[in-house]
1. Would you check if there is a residue in segment 13-28 being surrounded by 12 or more Cβ atoms within 10 Å (Cβ to Cβ) and not basic (Lys, Arg)?
2. Check Leu10 against each of (1) open to solvent by 60 Å² or more (accessible area, probe 1.4 Å); (2) within 18 Å of the chain's Cα centre (by Cα); (3) not charged (D, E, K, R) and name the one condition it does not meet.
3. All but one of (1) of a type in the set (A, V, I, L, M); (2) without any contact (Cβ under 8 Å) to a residue 60 or more places away in the chain; (3) closer than 17 Å to Lys101 by Cβ hold for Leu9; which doesn't?
4. Among (1) on the phi > 0 side of the Ramachandran plot; (2) more than 16 Å from the chain's Cα centre (by Cα), which single condition is Pro107 missing?
5. Ile69: among the aliphatic types (A, V, I, L, M) and within 12 Å of the chain's Cα centre (by Cα), yes or no?
Amino acid sequence: MHKKLYKYLLILLILFIAALYIHHKIIIDKCSDITYAAEHYATSGLFNSNKLYEVDSYNLKFSDNHTSIIIVTGISNKVPHEIVTYKLTMIKNSSGIWSVKDSTKIPTENINSEDN
């Protein structure tokens, strides 16, 4: 009886690990698109202190083959859910995957200025 239980638990554990691995690979593949990567990193993450509930707009300020600066505006995940803007500095690794190097909150009065 115990051997059957261990067998089922082992199968469930293997299936769970396989599902996590497949999910991770799908997210990594999608992060080769800079807009998806910006939205993913802005709206997810357990320890992301600048997490947004929803991204409303993107504004690409600078881009070359390895570095991009994107202005992201959206609804804050924290109460009172105000509209906030962040400057995301993103870098592309050798595999073509975009990741956030730096995230800086922009005060609302500086959104349209040229020095962002």
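1. There is at least one residue in segment 13-28 that is surrounded by 12 or more Cβ atoms within 10 Å (Cβ to Cβ) and not basic (Lys, Arg).
2. Every condition holds for Leu10 apart from (2).
3. Here Leu9 meets the rest and fails (3).
4. (1)
5. no
The values are calculated or read from the model by the stated rules, or taken from the named source; none is laboratory data. Nothing here was measured: the structure is a model prediction, and the numbers come from that model. Glycine gets a Cβ as well: all are built from the backbone with ideal geometry, and neighbour counts include every protein chain shown. Quick note on the areas: whole protein, heavy atoms, side chains included, nothing else; ligands and nucleic acids left out. Shrake-Rupley method; radii C 1.70, N 1.55, O 1.52, S 1.80 Å.
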